[in-house]
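Enquirer: To start, I am sharing the structure in question, which I have written as structure tokens.
The values are calculated or read from the model by the stated rules, or taken from the named source; none is laboratory data. Values in this document were obtained by computation on a predicted structure and should not be read as measured data. Glycine gets a Cβ as well: all are built from the backbone with ideal geometry, and neighbour counts include every protein chain shown.
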Amino acid sequence: MKGAVVFGTGFGCFTHVRALRAAGFEVIAVVGRDPDKTARRARDFGVPRALTSTVDALALPGVDAITVATPPATHPAIVHAALDAGKHVLCEKPFALEAASAREMTEHAESSGLVHLLGTEFRFDTGQALLARAVRDGLIGEPRLAMFFLHVPVLADPAAQLPVWWTRASEGGGWLHAHGSQVVDQIRVTLGEIESVFVSLLQITDRGVTADDGFAAHLRLRSGAACVMQSTPADRGPMLIETRILGSAGTAWIEGLSDAVYVADTDGSRRLAVPDELRTAPAAAPPPATLETTYEQMIGHGLDLGAYTRLAEHFHARITGSDAPPGPAPATFADGVAGTAVLEAMCRSAADHRTEAV
Amino acid sequence: MTRVAVVGTGFGCLTHARALRAAGLDVVALVGRDPDKTAARAERFSIPVAATALDAVLDRVDAVSIATPPQTHAPLVLESVAAGKHVLCEKPFARDRSEARTVFEAAEGAGVVHMLGTEFRFAPGQALLTRIVRSGAIGEPRLALLLLHIPLLADPNAEVPGWWADADQGGGWLGAQASHVVDQVRTTLGDVVRVSATLHRVVDRGWTAEDAYLVHFETAGGAAGVMQSVASDRGPMLFATRVIGSTGTAWAEGDRVQVADASGTREIDVPADLTVGPPDPPPAELMHTAYDLLHSTGIDFGPYARLAGVFADAIAGRNLDTFDPRPATFADGVASMAVLDAIRRSAREGTSVEVEA
């Protein structure tokens, strides 16, 4: 059995540990900064060892791979150390704070010959994967415009508890990096590369921090299509979730966050059948008692556990050299470079109030 | 009684003439290009005089109501105000901001009442949402969403007037629909200072005008938002009008307006001063093309009748500042054209564009 160490006591435990196990890894240790919290989380999630040292963790016997679910500013140190130690790496998004840093990690990983994957698990979300396939298969003709809206109330309260790094724009915190990075990946997978961006980063709820809690973005794609992404976790109104792509021959959309994908064209409207290879394990949140803060409740919803398990299966298959699971290909560090370049352009655009090329 | 000439045999008859009458104005003449159609429409709507030139009827009216293709607005307004007539003019107001400015200055110089046909300022839901946001009920407005997707023009053979399919003649969905939304954004959130936009022809056909737009805007107050509309979406209809502020969110579903904040969600009743008459569809036998169907529901009749009443009151001497909602004048037409110009330029050049002040 392949052994893995998980870096990060939040999402790392809520999702990585559980997905890795479901994919056939043995989780040997969890690594965190705070010894008490790390020990508590290791106990809660049944992980044998709790450590606070990267060096010690990488030196444990039986470690083939690591996964990184720590704040983005800490990714490079952990990733480079792991690659130096010959470990395969699965790293969370946002991958890096700067494109240069993303490139360094990628070059290191590629030259090492080790497996490197990025934690954009929503590629495997059944609805998103089915929509991407429908669009790429030409079911709506040539894509022309697309919209990605998600408004939720989870951080509307000014007293919502957030980790300090997440409140700092300079440390890769905020909603654009957290959620926007997933949408950017979804757009790249579904519609192709992004050419230029115009972005507004917003602080909707007054909480005296530098990170955004909402954004609006207008994207021009290399294909000539355009899209809008707008999202905030600080909307007290009804949840608003719209993913819709309009093409020359029809419209395709996902119903909410479900697996239900529809296409409407001159023949009418129909729900697409879900092929077996796009199905994933059901959603499952960790025990509520382990979700201690607003932030942890937000990231520990477990809706992505099935998708993350599929990602972990890819990780496992690449490490063992076995056949890849069916369905979409996983994102690698190369996608991390592309995604970081987009996010960097987005932040520049928001600061300069003008369109920026990616 | 104020005597009005209506110019335009389409929306002019279906909505202007009926709304003006409902507001107590006397519609005495109809002006159109095609003599037969103009005569037939004048008879159908019981308008005593049909003419093919405005100057033939100007001396018998006090005011002119213009509902012709946008490129023809400027000469018609200039002719009207030169004769000292009050003017109500449809949107999109002009070819561009520069022409709008010329028309505005002429009307101001003539000292006549001038109003723009953005009737949805008076639609109860929109008016109430604007009032709520401006009252500070959701704190500082920060993010807005104005979406409308309908299938009306999804059929490649959907019939529209020739000018409407032609971008060079001021046609297209941006001028038709976004004119209203830009007005709504300006009244609710303040001046738009910057846009990034794309115009789309979702359905392939022989049009040069767009059937969809995406506009990301930023306001002088630091709010941002998206206005997006597609007239040819084969998917489910989509309507959303929502403003998220620092302390809460307000949204409208038709005339139902709700606010959600830390104390919960509540519906705000439409106050008596914002109510309008019920929808009143135009005669069904005149509704033939997809374009006609745009106005077939009659939902704009109540708001238009209210606008016409404001027009009549202003002609009678009432100060515009005493109206709430305040009607849009040609000054608003200039400001809206500046935003539309910026949207078109952004779409053409592929970059964000600052709106000319």
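Enquirer: Every residue in the range A:177-204 that is within 14 Å of chain B (Cβ to nearest Cβ) and in a loop (DSSP other than H, G, I, E, B), please.
Expert: A:LEU202, A:GLN203, A:ILE204
Enquirer: Right, another one. Suppose the filter is on the phi > 0 side of the Ramachandran plot and out of contact with any Ser or Thr (no Cβ under 9 Å at 6 or more places or on another chain); does A:GLY268 pass it?
Expert: Values: on the phi > 0 side of the Ramachandran plot: yes; out of contact with any Ser or Thr (no Cβ under 9 Å at 6 or more places or on another chain): yes.
Here the answer is yes, as A:GLY268 does meet what is asked.
Enquirer: Test A:LEU83 against the stated conditions and say whether it is touching a helix residue (DSSP H, G or I) at 6+ places or on another chain (Cβ under 6 Å), more than 24 Å from A:ALA178 (Cβ to Cβ) and surrounded by fewer than 24 Cβ atoms within 10 Å (Cβ to Cβ).
Expert: yes
Enquirer: Return the only residue of B:ASP280, B:ASP261, B:ASP273, B:ASP255 being within 7 Å of another protein chain (Cβ to nearest Cβ) and more than 16 Å from B:LEU145 (Cβ to Cβ). Walk me through it before giving the result.
Expert: Working: B:ASP280 fails: within 7 Å of another protein chain (Cβ to nearest Cβ); B:ASP273 fails: within 7 Å of another protein chain (Cβ to nearest Cβ); B:ASP255 fails: within 7 Å of another protein chain (Cβ to nearest Cβ).
Exactly one residue qualifies, and that residue is B:ASP261.
Enquirer: Looking only at residues that are assigned to a strand (DSSP E or B) and among the hydroxyl-bearing types (Ser, Thr, Tyr) in the range A:212-238, which one is nearest to B:ASP233 (Cα to Cα)?
Expert: Going residue by residue through the range A:212-238, those that are assigned to a strand (DSSP E or B) are A:215-221, A:226-232.
Adding the requirement that they be among the hydroxyl-bearing types (Ser, Thr, Tyr) leaves A:231-232.
Numbers: A:SER231: 22, A:THR232: 25 Å.
Per the stated criteria, the residue is A:SER231.
Let's see how each residue does on (1) in the same structural domain as B:ASP168 (by TED's automatic domain parsing); (2) within 20 Å of B:GLY162 (Cα to Cα); (3) more than 24 Å from the chain's Cα centre (by Cα):
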{"site": "B:ASP36", "(1), (2), (3)": "no, yes, yes"}
{"site": "B:GLU43", "(1), (2), (3)": "no, no, yes"}
{"site": "B:ASP62", "(1), (2), (3)": "no, no, no"}
{"site": "B:ALA83", "(1), (2), (3)": "no, no, yes"}
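Enquirer: Within the range B:203-245, count every residue that is in contact with a strand residue (DSSP E or B) (Cβ under 8 Å, 6 or more places away or on another chain), assigned to a loop (DSSP other than H, G, I, E, B) and either among the β-branched types (Val, Ile, Thr) or facing another protein chain (nearest Cβ under 7 Å) (or both).
Expert: Of the range B:203-245, the ones in contact with a strand residue (DSSP E or B) (Cβ under 8 Å, 6 or more places away or on another chain) are B:210-245.
From what is left, the residues that are assigned to a loop (DSSP other than H, G, I, E, B) are B:210-211, B:220-223, B:231-237.
Subset that is either among the β-branched types (Val, Ile, Thr) or facing another protein chain (nearest Cβ under 7 Å) (or both): B:233-235.
Residues flagged as in contact with a strand residue (DSSP E or B) (Cβ under 8 Å, 6 or more places away or on another chain), assigned to a loop (DSSP other than H, G, I, E, B) and either among the β-branched types (Val, Ile, Thr) or facing another protein chain (nearest Cβ under 7 Å) (or both) within the range B:203-245 amount to 3.
Enquirer: I need the full set of residues from the range A:239-261 which are in contact with a Lys or Arg (Cβ under 9 Å, 6 or more places away or on another chain) and either at the interface with chain B (Cβ under 8 Å from one of its Cβ atoms) or assigned to a strand (DSSP E or B) (or both), in order please.
Expert: Residues satisfying the conditions are A:LEU240, A:ILE245, A:LEU246, A:GLY247, A:SER248, A:GLY250, A:THR251, A:ALA252, A:TRP253, A:ILE254, A:GLU255, A:VAL261.
Enquirer: Does A:ALA100 fit the bill of being part of a helix (DSSP H, G or I), within 22 Å of the chain's Cα centre (by Cα) and buried (at least 16 other Cβ atoms within 10 Å of the Cβ)?
Expert: Numbers: part of a helix (DSSP H, G or I): yes; within 22 Å of the chain's Cα centre (by Cα): yes; buried (at least 16 other Cβ atoms within 10 Å of the Cβ): no.
It is false that A:ALA100 is part of a helix (DSSP H, G or I), within 22 Å of the chain's Cα centre (by Cα) and buried (at least 16 other Cβ atoms within 10 Å of the Cβ).
Enquirer: Need a quick list: helices (runs of 4 or more DSSP H) entirely within the range B:248-357 having at least 3 residues that are more than 27 Å from B:LEU214 (Cβ to Cβ) and in contact (Cβ under 8 Å) with a residue 60 or more places away in the chain.
Expert: In the range B:248-357, the matching helices (runs of 4 or more DSSP H) lie at B:301-315.
Enquirer: On the given criteria, is A:VAL63 over 25 Å from A:ASP335 (Cα atoms) and either of a type in the set (A, V, I, L, M, F, W, C) or touching a helix residue (DSSP H, G or I) at 6+ places or on another chain (Cβ under 6 Å) (or both)?
Expert: Details: over 25 Å from A:ASP335 (Cα atoms): yes; either of a type in the set (A, V, I, L, M, F, W, C) or touching a helix residue (DSSP H, G or I) at 6+ places or on another chain (Cβ under 6 Å) (or both): yes.
Criteria met by A:VAL63.
Enquirer: Report, by residue number, each residue of the range B:81-111 that is farther than 23 Å from B:GLY171 by Cβ and either surrounded by fewer than 22 Cβ atoms within 10 Å (Cβ to Cβ) or among the small types (Gly, Ala, Ser) (or both).
Expert: Residues of the range B:81-111 farther than 23 Å from B:GLY171 by Cβ: B:81-86, B:105-111.
Within the range B:81-111, B:ALA82, B:ALA83, B:GLY84, B:GLU105, B:ALA106, B:ALA107, B:GLU108, B:GLY109, B:ALA110, B:GLY111 meet the criteria.
Enquirer: Right, another one. For the range A:205-237, give me each residue that is free of Cβ contacts under 8 Å to residues at least 40 places away in the same chain, within 9 Å of chain B (Cβ to nearest Cβ) and farther than 29 Å from A:ILE140 by Cα.
Expert: A:GLY214 - this is the single residue of the range A:205-237 that is free of Cβ contacts under 8 Å to residues at least 40 places away in the same chain, within 9 Å of chain B (Cβ to nearest Cβ) and farther than 29 Å from A:ILE140 by Cα.
Enquirer: Continuing with the same structure: Tell me which of these B:ARG142 doesn't satisfy, since it passes every other one: (1) in a helix (DSSP H, G or I); (2) crowded, with 24+ Cβ neighbours inside 10 Å; (3) within 14 Å of chain A (Cβ to nearest Cβ).
Expert: Condition not satisfied by B:ARG142: (1).
Enquirer: Sticking with this structure for a sec: Can you tell me which residues in the range A:262-286 are more than 14 Å from chain B (Cβ to nearest Cβ) and part of a loop (DSSP other than H, G, I, E, B)? Even if it seems obvious, please write down each step before you answer.
Expert: In the first step, residues of the range A:262-286 are kept if they are more than 14 Å from chain B (Cβ to nearest Cβ); the result is A:273-286.
A:ALA273, A:VAL274, A:PRO275, A:ARG279, A:THR280, A:ALA281, A:PRO282, A:ALA283, A:ALA284, A:ALA285, A:PRO286, listed by residue number.
Enquirer: Is there a residue being of a type in the set (A, V, I, L, M, F, W, C), in a helix (DSSP H, G or I) and crowded, with 23+ Cβ neighbours inside 10 Å anywhere in the range A:316-329? Spell out the reasoning first.
Expert: Start the filter on the range A:316-329 by keeping residues that are of a type in the set (A, V, I, L, M, F, W, C), which leaves A:317, A:319, A:324, A:329.
From the residues that got through so far, the ones that are in a helix (DSSP H, G or I) too are A:317, A:319.
Right, trim to crowded, with 23+ Cβ neighbours inside 10 Å and you get none.
The answer is no; no qualifying residue exists.
Enquirer: Only one of these is at pLDDT 95 or above, surrounded by fewer than 16 Cβ atoms within 10 Å (Cβ to Cβ) and at negative phi: B:ASP332, B:ASP341, B:ASP273. Name it. I'd like the intermediate steps shown before the answer.
Expert: Numbers: B:ASP332 fails: surrounded by fewer than 16 Cβ atoms within 10 Å (Cβ to Cβ); B:ASP341 fails: surrounded by fewer than 16 Cβ atoms within 10 Å (Cβ to Cβ).
It is B:ASP273.
Enquirer: How about the range A:45-71: which of its residues are farther than 13 Å from A:GLY12 by Cα and surrounded by 23 or more Cβ atoms within 10 Å (Cβ to Cβ)?
Expert: A:ALA57, A:ALA65
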